[in-house]
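Engineer: Take a look at this one; I'll ask things after.
No lab work stands behind these numbers, since they all come straight from the coordinates. Since this is a predicted model, take the numbers as computed values, not measurements. Backbone-built Cβ (ideal geometry, glycine too); neighbour counts: all protein chains shown.
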Amino acid sequence: MKIDRIEVYKSPIKLKKPFVISLGAFEYAENIVVVIRTSDGSVGFGECSPFMPINGESMETCFVVADYLAKRLIEKNPLNISGCSEEMDRVIYGNSSIKSAFDIALFDIASQHAGLPLYAFLGGKNNKMLITDYTVSLGHPEQMALDALEIKGKGFQVIKVKLGEDPETDIFRIKAIRNKIGDAIPLRLDANQGWDTQSAIRILNELAPLNIQFCEEPIPRWNFMELSVIREQSPIMVMADESCCDDHDAKRLIDLNACEAFNIKLGKSSGIYKAQKIIRLAEQANIQLQIGGFLESRIGFTASAHLALTSDNVKFCDFDTPLMFCEDPVIGGIQYDANGKITLPETPGLGASINSDYLRHLTSFAVS
């Protein structure tokens, strides 16, 4: 078997309302879809959602770099995923987002070839309930409280809250949300690198009584040496996100005793192949895991959900952004059930594809 043709599509999808974090506001999911076709007729689908402030990529840069990667992977064996991953790294440094789209498509083909759902191909079992949170965008405290109340009304069992601005306002935001929704539903905090060390310590200590599960990336990623200081003084669990992209980052954070948890995103790790390396390190160090993402559609999050079934250390899921889309071009894939519960397809492979009529109208190129 060899790779015969690779198609790359720009897939911008408008969001129902702007998604706002401390790093900026986003009105579109500006994604890239990769379709890999093989000599035996297999078709693999992958997707990435480049996020300029975090992985330094855009839909446009991914589209350009994808051409370099596709030309190098043509005629390669799609079942040799480690070899294909190493080949992509030889082509260009970094660019983890677009590499993840190719990686997912390769795993789709390999698990189809094995006749197994992707999670089983990865050594996992569909033996636990996956439940996603739903995110409150950064904004005025009163509006955030109303948004949280709406999320509660839809039955979600946990709410994620974007923070990372003025400490006093961030504290007020969480207290306003608690006053509106009550104390029962756990909150997850995500500062997106917005605080300094001392502010993070003060905020987390003040918010500790308010049923907070954890806080993601409280300080700038480059200041990761300070994470252990926050961990030591915070009653709330600290989760590394932007400072934990690949297995090398994970090893460094473990050695520093920097945090209790990692947030794995395929767009940071370059895909499933390297994400598995992070998982193995986390298991050895007793680090809890969240599987999350950027603004992928159900293609990307289907891959993430399969990965979430491969380790008992995966305790948290953050799969909500497809619910924010104005349209859904995905066929198959994960389904969102009541109360944020996730159902995975049991068919061989990823179990998700993109509507061909939708793809036909997108800007694209092909390499064969």
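Engineer: How far is helix 96-114 tilted off the main Cα axis of the chain, in degrees rounded to 10, range 0 to 90?
Structural biologist: Tilt relative to the chain: about 60 degrees.
Engineer: Turning to a different aspect of this structure: Could you give the length gained on full extension between A366 and N179, defined as 0.36 nm per residue of separation minus the Cα-Cα distance, in nm?
Structural biologist: Length difference between fully extended and current span is 62.0 nm.
Engineer: Treating cross-link reach as a plain straight distance, find the aspartates and glutamates whose alpha-carbon is under 13 Å from the alpha-carbon of K71, omitting any fewer than eight places away in the same chain.
Structural biologist: Partners within reach: D4, E7, E87.
Engineer: Assign one of three labels to region 93-137, namely rounded, prolate or oblate, based on the Cα gyration tensor with a ≥ b ≥ c the square roots of its eigenvalues; rounded applies when a/c is under 1.5, prolate when it is not and a/b is larger than b/c, and oblate otherwise.
Structural biologist: oblate
Engineer: Rounded, prolate or oblate: pick one for region 120-349, where a ≥ b ≥ c are the square roots of the eigenvalues of its C-alpha gyration tensor, a/c under 1.5 means rounded, and failing that, prolate if a/b is larger than b/c, else oblate.
Structural biologist: Here region 120-349 falls in the oblate category.
Engineer: Something else: Return the lysines within reach of K128: Cα separation strictly under 16 angstrom, same-chain partners fewer than 8 residues apart disregarded; answer none if there are no such residues.
Structural biologist: List returned: K315, K341.
Engineer: Another one. Averaging sequence separations of C-alpha pairs under 8 Å and six or more residues apart, then dividing by the length of the chain, give the relative contact order as a whole percent.
Structural biologist: The normalised contact order for the chain reaches 21 percent.
Engineer: Pull up the DSSP beta bridges for region 120-349 and report the antiparallel fraction as a percent, rounded to 5.
Structural biologist: Looking only at bridges with both residues in region 120-349, the antiparallel portion is about 15 percent.
Engineer: Once fully extended, how much extra length lies between D246 and Q335, figured as 0.36 nm per residue of separation less the alpha-carbon to alpha-carbon distance?
Structural biologist: Between D246 and Q335, full extension yields 29.2 nm more.
Engineer: Could you work out how much longer the chain between E75 and V229 gets when fully extended? Use 0.36 nm per residue separation minus the Cα distance between them, nm to one decimal.
Structural biologist: Full-extension gain reported as 50.5 nm.
Engineer: Run down the lysines and flag those whose C-alpha is under 20 Å from the C-alpha of K175, throwing out any fewer than 8 positions away in its chain.
Structural biologist: K152, K160, K162
Engineer: Sort 230-239, 130-139, 351-360 by the packing proxy (mean of other Cβ within 10 Å over each peptide's residues), most packed first.
Structural biologist: Taking the mean over residues of other Cβ atoms within 10 Å, the ranking is 130-139, 230-239, 351-360.
Engineer: Can you compute the FRET efficiency between A114 and K14 using 1/(1 + (r/R0)^6), with r the Cβ-Cβ distance and R0 = 35 Å? Round to the nearest 0.05.
Structural biologist: 0.40
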